[in-house]
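S.K.: Below are the structure tokens for one structure; questions will follow.
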Amino acid sequence: MTSPSNAETAASSAFAPVNGRNDPAAPAESFGSESGLHFDNRFAALGSAFFTRLQPTPLIDPYWVGCSDATARLVGLDAGWFASDAALGVLTGNALLPGMAPLASVYSGHQFGVWAGQLGDGRAILLGETAAKPETSRFELQLKGAGRTPYSRMGDGRAVLRSSIREFLCSEAMHGLGIPTTRALSVAGSDARVRREEIETAAVVARVAPSFIRFGHFEHFAANKQDGELRTLADFVIDNFYPACRTTDRFGGNAYAAFLEAVSERTASLMAQWQAVGFCHGVMNTDNMSILGLTIDYGPFQFLDGYDPQHICNHSDTSGRYAFNQQPNVAYWNLFCLAQALLPLIGDQEVAVAALESYKAQFPLAFEARMRAKLGLEGLSEPAESDRALIEGALKLLAAEKVDWTIFWRRLSHCVGDSNPEPVRDLFIDRAGFDAWLLLFSERHNGVSRDAANRLMLATNPKFVLRNHLGQQAIELAQGAPAAGLETVKDFTGVARLLTLLETPFEEHPGFDPYAGFPPDWASSIEISCSS
Ligand code: AMP
Ligand code: MG
């Protein structure tokens, strides 16, 4: 399908009406009172150049695969709403709530370093924005996998169950780790068939965020020389999410430069957190970069098992552009694209470059602070010259033997508490190398409260992360196995169990140690690509 660049008028009858309604803007089923939520949509007020109004395509006979009570509470949903037919209907695209005005937004982007032109929400539909009372914070509600849009290009507008479970769990896992992210309200499945490399089944993730605007939204209007729309978009984001840029005295009061600087700083902080926890995103295209510095669009992501700085988690990334250790540089490259897009507003190339430079200053500082927290030092001891060597020494040791990233840091945390280095020492073949490093580490801790360091490390180095094999096991249970050659029995308890562990990944969760163990041998043969 050719994608109209711009036009509400493009909403065509090709899009299935919800519950038989043909008018995309028509009022919906009246489920509002049950949800306790009221919807409006500030993004929709930007104007028709930014989106196409359309209805989600209903998902046939949906069923819950997973729900997040925490995200429901966050957006102000009444407890127990998930139990209603209305919730299942609304969160799968089968019904709307009053005030919802569904739309798919248009954006462009650089994919794998190459300008890809217009992309857009090819399978995500923004239902609206919650206006919870009291109006403390607002959240946009988006359905991913809710059917074709004018931006679907060759795609079918759907998402498969496996990738939807991964997005659902990882959104909540990242939040549990304290890392900025879009959140997931639910994942619902259906027996509707979807063709990928094989035939799979469809699912819809309901996700929420203050905004789903990406770098690519800005690139879109800049590339099309739509300076008016570019300004409208920047003003919208600044006024709603970066209001301090309006009153800044940075860059001679240039709000757009201050905005670029603030986005660069948030992105630097995000990258530091990804690197410290061992998170590999896999597809850092500019259309997958949140303007709010959130982790967004979970695809072929992976939490590192063994520490391999060059690890490539995306099977489609043949050149390793998005390898783990490339992420901080790629983020800068992506910010550079954003800077170019904002240039007509900033008005001065040197100012834009200066704003962008904050990334280069902020990333190392943020990364060092995260690593000092992992080492039990941040906030407990003034930064020292030797800290960098301690960090680099650990990284070198871990890389040399591809030692398990998460297990190393968790065992080191316990070692600070119980003075028993054996469990962490056992992770290394090069015992002498580890002992030499541990001596430096112990000396560095002289004068630091052992209890405080132990507490800090246990609250910084998680016990549980969403390793690929854990996700895979939950997915296979959910996909179901034929029972006695008859019906397929689907089991969603694996998703629920992982959600519980990942929501509070720093807690011990006695009885669940296998979820914190080494990956099985077969984990390294899991191949996750862009196809989802
Ligand atoms: P991603 O790599 O998932 O961020 O997707 C890149 C672009 O392809 C975005 O514009 C998506 O909306 C679109 N896309 C990905 N998968 C599909 C699909 N199955 N149907 C329609 N559009 C898709
Ligand atoms: Mg994307």
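The values are calculated or read from the model by the stated rules, or taken from the named source; none is laboratory data. The model shown is predicted, which means the values in this text are computed figures rather than measured ones. No Cβ is skipped: glycine too gets one built from the backbone with ideal geometry, and neighbour counts run over all protein chains shown.
S.K.: If Leu91 passes every condition in (1) away from ligand 1 (no atom under 16 Å from the Cβ); (2) over 23 Å from the mean Cα position of the chain (by Cα); (3) modelled with pLDDT of 95 or more but one, which one does it miss?
M.R.: Only one criterion is unmet by Leu91, namely (2).
S.K.: Moving on. Counting only residues that are within 13 Å of ligand 2 (Cβ to nearest atom) and of a type in the set (S, T, N, Q), which one in region 91-143 is surrounded by the fewest Cβ atoms within 10 Å (Cβ to Cβ)?
M.R.: Gln111
S.K.: Separate question: Within region 312-319, is even one residue more than 14 Å from ligand 1 (Cβ to nearest atom) and farther than 29 Å from Tyr515 by Cβ?
M.R.: yes
S.K.: On to the next question. Regarding Ser529, is this residue within 16 Å of ligand 1 (Cβ to nearest atom), of a type outside the set (A, V, I, L, M) and surrounded by fewer than 18 Cβ atoms within 10 Å (Cβ to Cβ)?
M.R.: Values: within 16 Å of ligand 1 (Cβ to nearest atom): yes; of a type outside the set (A, V, I, L, M): yes; surrounded by fewer than 18 Cβ atoms within 10 Å (Cβ to Cβ): yes.
So Ser529 passes the test.
S.K.: In addition: Inside region 405-457, can you point out the residues that are surrounded by 15 or more Cβ atoms within 10 Å (Cβ to Cβ) and of a type in the set (Ser, Thr, Tyr)?
M.R.: Thr406, Ser413
S.K.: Out of region 294-328, which residues are among the small types (Gly, Ala, Ser), within 16 Å of ligand 2 (Cβ to nearest atom) and either outside the structural domain of Phe367 (by TED's automatic domain parsing) or surrounded by 18 or more Cβ atoms within 10 Å (Cβ to Cβ) (or both)?
M.R.: Hit for region 294-328 is Gly299, nothing else.
S.K.: Okay, next question. Inside region 144-177, can you point out the residues that are of a type in the set (D, E, K, R), in contact with a Lys or Arg (Cβ under 9 Å, 6 or more places away or on another chain) and within 14 Å of ligand 2 (Cβ to nearest atom)?
M.R.: Within region 144-177, Lys144, Glu167 meet the criteria.
S.K.: Check region 480-492 and report whether any residue there is within 19 Å of Asp305 (Cα to Cα), out of contact with any helix residue (DSSP H, G or I) (no Cβ under 6 Å at 6 or more places or on another chain) and not small (Gly, Ala, Ser). Don't jump to the end; show me each part of the working.
M.R.: Narrowing region 480-492 to residues within 19 Å of Asp305 (Cα to Cα): none.
Taking every residue of region 480-492 in turn, none turns out to be within 19 Å of Asp305 (Cα to Cα), out of contact with any helix residue (DSSP H, G or I) (no Cβ under 6 Å at 6 or more places or on another chain) and not small (Gly, Ala, Ser).
S.K.: Which residues, taken from region 330-361, are small (Gly, Ala, Ser) and buried (at least 21 other Cβ atoms within 10 Å of the Cβ)?
M.R.: Ala331, Ala339, Ala341, Ala352, Ala355 - these are the residues of region 330-361 that are small (Gly, Ala, Ser) and buried (at least 21 other Cβ atoms within 10 Å of the Cβ).
S.K.: Find the strands (runs of 3 or more DSSP E) located wholly in region 124-197 whose residues include 1 or more that are touching a residue at least 60 places away in the same chain (Cβ under 8 Å) and either in the same structural domain as Gly278 (by TED's automatic domain parsing) or at positive phi (or both), and list them.
M.R.: On the way: elements: 124-130, 140-144, 183-195.
Qualifying strands (runs of 3 or more DSSP E): 124-130.
S.K.: Does region 262-279 include one or more residues that are closer than 19 Å to Phe43 by Cα and touching a residue at least 40 places away in the same chain (Cβ under 8 Å)? Spell out the reasoning first.
M.R.: Of the residues in region 262-279, the ones closer than 19 Å to Phe43 by Cα are none.
There is no residue in region 262-279 that is closer than 19 Å to Phe43 by Cα and touching a residue at least 40 places away in the same chain (Cβ under 8 Å).
S.K.: Which of the residues that make up region 97-117 are modelled with pLDDT of 95 or more and more than 16 Å from ligand 1 (Cβ to nearest atom)?
M.R.: Selection gives nothing.
S.K.: Counting only residues that are acidic (Asp, Glu) and more than 13 Å from ligand 1 (Cβ to nearest atom), which one in region 133-172 is modelled with the lowest pLDDT?
M.R.: Among those residues, the one meeting the criterion is Glu135.
S.K.: Got at least one residue in region 219-232 being crowded, with 17+ Cβ neighbours inside 10 Å, within 16 Å of ligand 2 (Cβ to nearest atom) and farther than 30 Å from Arg467 by Cα?
M.R.: yes
S.K.: Got a sec? Which of Gly117, Gly93 is outside any strand (DSSP E or B) and either at positive phi or of a type in the set (Val, Ile, Thr) (or both)?
M.R.: Going through Gly117, Gly93 in turn, the sole match is Gly93.
S.K.: Across region 284-311, what is the number of residues that are within 16 Å of ligand 1 (Cβ to nearest atom) and assigned to a loop (DSSP other than H, G, I, E, B)?
M.R.: Within region 284-311, residues that are within 16 Å of ligand 1 (Cβ to nearest atom) and assigned to a loop (DSSP other than H, G, I, E, B) number 11.
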